[in-house]
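Trainee: The structure is given below, and queries will be raised subsequently.
The values are calculated or read from the model by the stated rules, or taken from the named source; none is laboratory data. Note that this is a predicted model, so its numbers are computed, not measured. So basically every Cβ, Gly included, is an ideal-geometry build from the backbone, and we count neighbours across all protein chains shown. Only protein heavy atoms, including side chains, enter the accessible area calculation; ligands, DNA and RNA are left aside. Shrake-Rupley method; radii C 1.70, N 1.55, O 1.52, S 1.80 Å.
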Amino acid sequence: MPDLPQSVLFCCDHNAVRSPMAEGMMKQFYGHETYVQSAGVYNDMEIDGFSIAVCNELGIELSRHRSRSFDEMQQWGDDLSAFDLVVALSPASQRRALELTRFFHLDVDYWPILDPTGLGDTREQKLEHYRQSRDQIRERMLARFGPPTVPQDRAQA
């Protein structure tokens, strides 16, 4: 199992569904051992309510998340080269991350995570798709970073 990186940036298309879930899980599972942020290719959506709901099932709070884009990160002075690892959760975010980091010695991982938006007709069907995405992120995270270092009182086994 590799050591935890000092800093991780999770990214997806809008920083409203997958990357906030990953950011929240990383903080919940590994505490303050790693600096964690998330961003999107675009910032044209607020945090998705279904993402909030399915992460709440694991005791992860996302309702205060504010979406941001790669461009906003740069405008606010966040330097991508300061991250040890960028984890892209969508093809568009992988392309953007590779484009922005091509001059840095920085690892970019790609985790192809289901985009649950627009899937399902009923509320329960939609929640099930969001749970699938959440669980895919969780499985990838545990495989990449090892078991949680913070006790998981309310996390699913």
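Trainee: Between Arg123 and Gln75, what is 0.36 nm times their sequence separation minus the Cα-Cα distance? Round to one decimal in nm. Can you show the working numbers first?
Mentor: Details: separation 48, 0.36 × 48 = 17.28 nm, distance 3.74 nm.
Using 0.36 nm per residue and subtracting the Cα-Cα distance, I get 13.5 nm.
Trainee: Next up: Can you list residues whose amide H is under 5 Å from Val36's amide H, if they're 5+ apart or on another chain and H is modeled 1.01 Å from N?
Mentor: Long-range HN contacts for Val36: Val8.
Trainee: A further question on this structure: Taking 0.36 nm per residue of separation and subtracting the Cα-Cα distance, what length does fully extending Thr149 through Asp3 add?
Mentor: 51.4 nm
Trainee: Once neighbouring chains are kept in place and the probe is 1.4 Å, which whole percent of the accessible area of the chain is contributed by carbon and sulfur? Before the final figure, lay out the partial values.
Mentor: Details: 3840 of 8040 Å².
Carbon with sulfur: 48 percent of the solvent-accessible area.
Trainee: Between Ser69 and residues 5 or more places away or on another chain, which pairs have amide H atoms under 5 Å apart, with H built 1.01 Å from N, and which residues are they?
Mentor: Gly40
Trainee: Oh, and also: Which one of Thr117, Leu4, Met73 is farthest out on the positive end of the charge dipole of the chain, using unit charges on Cβ (Lys, Arg +1; Asp, Glu -1) and the Cα centre as origin?
Mentor: Thr117
Trainee: With volume of the Cα convex hull per residue in Å³ as the read-out, I listed [x] 119; [y] 105; [z] 158; which label goes with the value calculated from this structure?
Mentor: [y]
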